[in-house]
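Working notes for the structure below.
The values are calculated or read from the model by the stated rules, or taken from the named source; none is laboratory data. The shown structure was predicted, so the numbers you read here are calculated from the model rather than taken from an experiment. For neighbour counting, all protein chains shown are included, and Cβ atoms are generated from backbone atoms with ideal geometry for every residue, glycine included. These accessible areas exclude ligands, DNA and RNA; they are computed on the full protein's heavy atoms, side chains included. Shrake-Rupley method; radii C 1.70, N 1.55, O 1.52, S 1.80 Å.
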Amino acid sequence: ACTGIENIDEAITLLEQNNWDLVAAINGVIPQENGILQSEYGVETLHGPAYGPTSHSTAASSAPSSSSAFRHVVPSRQIVERQPRMLDFRVEYRDRNVDVVLEDSSTVGDIKHILENELQIPASKMLLKGWKTGDVDDSTVLKSLHLPKNNSLYVLTPDLPPPSSSHSGALQESLNQNFMLIVTHREVQREYNLNFSGSSTIQEVKRNVYDLTSIPVRHQLWEGWPSSATDDSMTLAVSGLTFPCHRLTVGRRSSPVQTREQSEEQCTDVHMVSDSDGDDFEDATEFGVDDGEMFGVASSALRKSPMMPENAENEGDALLQFTAEFSSRYGDCHPVYFIGSLEAAFQEAFYGKARDRKLLAIYLHHDESVLTNVFCSQMLCAESIVSYLSQNFITWAWDMTKEANRARFLTMCTRHFGSVVAQTIRTQKTDQFPLFLIIMGKRSSNEVLNVIQGNTTVDELMMRLMAAMEIFSAQQQEDIKDEDEREARENVKREQDEAYRISLEADRAKREAQEREMAEQFRLEQIRKEQEEEREAIRLSLEQSLPPEPKEESTESVSKLRIRTPSGEFFERRFLASSKLQVVFDFVASKGYPWEEYKLLGTFPRRDVTQLDPDKSLLEVKLYPQETLFLEAKE
């Protein structure tokens, strides 16, 4: 935490060189002047006496004095500021990729400024896409997006014309070239011939050299890079390297208190020791040092507040405090803890669609365990673990330090997993915490796949997580298959039900239409009957009201009328010449031809008799002594 040294064997070597004096070992690695401890990433002033090379012998001679002096310098604080988290971005633009590495305290605008130099495109013309957290702007801080270590983005430039094919082809050819880098390790005088593609970045070269030389990137001192290679995110194709072969030299950056011979001796010693597998520190008490007091600071001073309130009524509020306290202790790079009750976590992980389901990881914290700080800082906050958990797990946490919270979790555990699992957790000793429970939801119950104790390594933790994922993936594929088959059956049933419903609707509509048609026919028939009855009543009334037909031998003037119907039939009748024309109309109507519907026409000359005055006599309208008329329906 103080020096950034990740290799345990290297740290032990440094401690042995300083007679296991922690202060002397730290000051021997971190350059310091006038009471200031400096590192590549952080600087913090010490409010106590400066420790230089002259103080090492004194500190080395008395462990208690050095411990108390160290406590005087940094009471209840870390010696240096936490190193910022670095984020890797691979940005795709048309036919090229740009790798950008920067701190999570940077903004989206900083990425655009780097891309502006690399792509020669104004930042104002760029649309940076690929964010998984919604829309962002140039002022958005990367830390607030909770991004994983590696990210992929792409740039859109809708306001710019496409590049010419010649420029694009030349750039693509340069990116496809292979560079031979001859890297000389200065301390051991050894050469490495490394092949890299033009699309590789300087940062990737330095990481590969770290794997070969065990010199961390921050401690590497290089010679031979071109003056144009000013940014580690720059690709080799545009860095100005000599093609096809370029020579470089790398060495370890030495501290002011070490001589060159000491540095070479240290480097050689570190190379002779195999990499630690983490087992050396499974039990930190073998060294006689408690993790809360290893810097001479009491545990109570380091832990200002509990991870979780005791007897918390609301589990969501308790998880909010847990997350905030975890971030303050171990930094912002940690698993995203689900905020809510354990039942809600089950609902989120297990009860969605089969394709969306995840494993549930339950982290059980215990402040009094000697393994807690190491597990949290080295295992749980490792970027590979954080990224893997965020992609495949719903992570829920609980603090088992307080007895009330412990009893509450055991009750929840009994309810959801059964008494066997609860008894297993109940029998765990304090030094076996923290625990990591991997839960898989099944059709009828929740199964505990694995219980991981705190004395593990990052690789072992990752392997056990991946093993759980393999079991879960196999079960998930079966669930997906069953769900797809069930959905297919339900779709067929829905289609059949819909077809049946449509058929019923059609039958009902047809039946209703027939009923309406029949009702309309009945209504029209009733109207027709009523009209016929009415007409028949009118006809009978007119027939009864007609004057009697005069006889042929009548002494009065008689007019004989012969009337032809539209169907070709004739009927004749005699009328007194003095009778009104209305009598003729009534006679025709009594035969079923009302004058409102038919007109009575004369032949010579042709005329419409119905247009004449009905009050005039037949003699006046010249229908005397005889006349032939014919009926014609009005339009």
Check your understanding: Got a sec? Charge dipole of the range 318-481, +1 on Cβ for Lys and Arg, -1 for Asp and Glu; which of Thr411, Thr395, Cys376 is way out at the positive end?
Key -> Thr411
Check your understanding: Among the lysines, which have Cα under 28 Å from the Cα of Lys206 when same-chain residues fewer than 8 positions away are ignored?
Key -> Lys112, Lys143, Lys149
Review point. Using modelled amide H (1.01 Å from N, peptide plane; none on Pro or chain starts), what sits under 5 Å from the amide H of Ile394, excluding residues fewer than 5 places away?
Key: Leu359, Leu360, Ala361
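Provide the percentage of antiparallel DSSP beta bridges, counting only those with both residues in the range 318-481; round to the nearest 5. Spell out each step's value before the answer.
Numbers: 11 of 19 bridges.
Around 60 percent antiparallel, to the nearest 5.
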Revision key, fill the gap. Check: C-alpha center the range 175-249 vs C-alpha center the range 499-564, spacing in Å is 110
Review point. Under the Karplus relation 6.51 cos²θ - 1.76 cosθ + 1.60, θ = phi - 60°, what is the ordered set of whole-Hz ³J(HN,Hα) values for the range 376-382, x standing for Gly and Pro?
Key: 5, 6, 9, 9, 5, 9, 5
**Study point:** Residue order for Arg508, Arg494, Arg329 - accessible surface, 1.4 angstrom probe, largest first
**Key:** Arg494, Arg508, Arg329
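Of all DSSP beta bridges located in the range 86-156, what percent are antiparallel, nearest 5? Walk me through the numbers on the way to the answer.
Working: 12 of 17 bridges.
Once the DSSP bridges in the range 86-156 are tallied, antiparallel ones form about 70 percent.
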Review point. Cα to Cα, under 20 Å, and not fewer than 8 places away if on the same chain: which aspartates and glutamates meet these conditions relative to Lys129?
Key: Asp88, Glu92, Asp95, Asp99, Glu103, Asp104, Asp110, Glu116, Glu118, Asp137, Asp138, Asp159
Check your understanding: Within the range 318-481, what is the number of lysine pairs with alpha carbons under 30 Å apart, leaving out pairs fewer than eight places apart on the same chain?
Key -> 9
Check your understanding: Which value, in Å² and to the nearest 10, is the accessible area of Ile114 when all protein chains are kept and the probe is 1.4 Å?
Key -> 40
Practice item. Find out how many positive minus negative residues lie around Glu533, taking Lys and Arg as positive, Asp and Glu as negative, among other residues whose Cβ is under 15 Å from that of Glu533. Key: -1
**Study point:** His365 long-range amide H proximity, modeled H, under 5 Å
**Key:** Trp398, Asp399, Met400
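Under 1.5 on a/c is rounded, so check that first for the range 425-481, then, if it is not, pick prolate when a/b is larger than b/c and oblate when it is not; a ≥ b ≥ c are the square roots of the alpha carbon gyration tensor eigenvalues.
oblate
Near Gln220, within a Cβ-to-Cβ distance under 9 Å, what is the net charge of the other residues, with Lys and Arg +1 and Asp and Glu -1? All intermediate terms of the calculation are to be shown ahead of the outcome.
Numbers: positive: Lys206, Arg218, Arg252, Arg253; negative: none.
Value of the local net charge: +4.
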Study note, to complete from the structure: Checked the range 167-252 with the C-alpha gyration tensor, a ≥ b ≥ c its square-rooted eigenvalues, rounded below a/c of 1.5, otherwise prolate if a/b is larger than b/c and oblate if not; verdict prolate
